[in-house]
1. Going by a ≥ b ≥ c, the root eigenvalues of the Cα gyration tensor, does segment 315-418 fall in the rounded group (a/c under 1.5), the prolate group (a/b larger than b/c) or the oblate group?
2. More than 16 angstrom separation, counting every C-alpha pair in segment 583-637; what % is that?
3. May I ask for the Rg/Rh ratio of segment 221-311, computed from Cα atoms with Rh as the Kirkwood radius, given to two decimals?
4. Taking 7 Å along the Cα-to-C-beta vector as the label spot, tell me the residue 554-residue 799 distance in nanometres, rounded to one decimal.
5. State whether segment 284-371 is rounded, prolate or oblate according to the following rule on the C-alpha gyration tensor (a ≥ b ≥ c being the square roots of its eigenvalues): a/c under 1.5 gives rounded; otherwise a/b larger than b/c gives prolate, and the remaining case gives oblate.
6. Expressed as a whole percent, how much of the Cα-Cα distance distribution for the chain exceeds 53 Å?
7. Rounded, prolate or oblate: which fits segment 137-212 when a ≥ b ≥ c are the square roots of the eigenvalues of the alpha-carbon gyration tensor, with rounded for a/c under 1.5 and prolate only if a/b beats b/c?
8. Compute the distance in nm between two label points, each set 7 Å from the Cα along the Cα-to-Cβ direction, one at residue 17 and one at residue 92.
Ligand code: BGC
């Protein structure tokens, strides 16, 4: 038996796999960018363009932290435009910006280096937690445009505003972050006064204040580029040249002003950073704007096309609990092909519980329709899934009354097409209450809605008998033996060995399966017992692995071949002498992973089939690099636009989030032995003080909004792993919450996979490792000898039983023994 097995490629030549996935990244990027405004600017007529803005040359491809990527190269907006034959009329401003970018980057790096001076190389994790992660990378904005910067020989200007954010810190409600800086605002004024056609590009992982559009009239077009991954620049050029028609739609509501978001002044550090009361209840995103009749700048689901579409409803049917609406979409434009997204919203009747005005229940994206072309499709959903949670009876109920079914092109622009009549309240599911709020939080109560539906709209009567009552059993979990080996081993492993399985091995030491720079793996000390380790890599924009690595002949990582150039990696210089390979010695291992667009952009495609392809593509990269579990998708709800990790998450809407997460899961898991890790379960909606904040969420809200997406992903696609979060929910850390990890996840949703902690989450307070295992969290990551010691002591003292460890260890073994790398 070999001592170790090294994955990755032995050459750094571009592989066919890279080329194939790169093409997919471009398609996704082009399909997910959203055209927000277009007064005759796009597609561009001119080929000569005045180009400005921080994102033009230093285009931000994605966010920072674990969600970062280390791709071979990324195409900037400027490069993409040049590749497509555009001429940049003047680069004076851009050249100047380069210089200031380098200066600011250097200042940032020096600042970091100063602060990490006292850390030892093996304290990398602490260094990350205490300095690197929490030192905001404020993306430079450049200086003011001067008259000499403005080329005369064009009528078209593009200005790309750029922002970057990432884990451990939230965005700031300040100029240069949520607000445009004075420089940006002035520059846009200058361009708007000078050029006939001005396109504003938003190169940011999250929402910005765009009230500038109310103050300046000359900005004719706005494109939400998000962060486009390695092919962002080429995709951008595809859109502005007209070779691709925009078909992305917003997955969040863009407010006129920040204060329009629910309890906006109380979010994160603006309020009580350690106690976040979800006072808006279920009224998150468009649900809030609708119920309070607040006019958004752009509503949820919104996006323009170059083409125009006509959506015709051709009949609504009801079969048991399944509602289906047939629609025909016709491209009524003369010049452009395009795709339309049809969205179905349901309005539930107010009763004992007050409801949102409308909720997304289904959607469908057409194929590419040529001018005059048409396509017919069916939007379908199960009425059961629209039930509301009644805390008093601990039941999910569909209340008696009239249910409006709306079809349209966004959350505001839709038409009633049928009304469902339910003559009595149905209890759909009997559950049990979980996680009480720690104090009364004064939840918002909207006005009661008195929906009166016009007589001529077709009525369909719901047959209450078609609903079978579901009732969750809450037995204590037992070991699940999914493979023969799991059963055999669970019986024969010693207590110490079980503990080894439930705690990751940390960062050092050599495992059997070696994926260079994998951020996590399972135990490396059970090889002699015939149990190899499996490896985990971050996401969610792809696999976050170091591209160039070196190993000694005996398999000791020499780490990297060169220090990455990306500015957020400046810290690595600190450990340079320890991580740089000696030239020419040992093995070289190359892992050039595809940087797909930020997850918000992916969701903006509203195309689950395309996102499933992304999952398949990532699966090919996992196979190449020996990764078994991908630590993605991130699927927390965009509760507020300032959350630093929103770019890693899909949407403010749980149905859309769950559907997209299920799609990427299906894609990855279509490869035998691979798995996703949906994260962060749950309510990791704030980054400042993420490990100590208590997200105080009324149960109905928790179930209908924050758990709903996870539930969809689990039920529809069976992810192989779930990662709990850092934060507390209602005063309890999620990794130590039996309510979440056992009652909800396993008993109610029937989940039988692996649950792991977020990195070092349970290392902060004594007793928390034990609480993890007792609460149904199987694997403590990345793992530390202290965690093993604590579990062993707990066994001795009787706080932990062998049976508890067997249950957890079985979930780890199931993944190992059915993994892509299972062989010794
Ligand atoms: C992040 C996780 C990530 C883990 C491993 C944590 O800081 O919150 O999303 O998967 O690190 O890198």
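Quick note: the coordinates plus some simple rules give every number you see, no bench work behind them. The structure displayed is predicted, hence computed values, not measured ones. FYI the Cβ positions are ideal-geometry reconstructions off the backbone, even for glycines, and counts take in every protein chain you see.
1. prolate
2. Here the long-distance tail beyond 16 Å is 53 percent of all Cα pairs in segment 583-637.
3. Taking Rh as the inverse mean 1/r over Cα pairs, Rg/Rh reads 1.09.
4. 3.9
5. oblate
6. 11
7. Judged from the Cα gyration tensor, segment 137-212 comes out prolate (a/c at least 1.5, a/b above b/c).
8. Simple spin-label model gives 4.9 nm for this pair.
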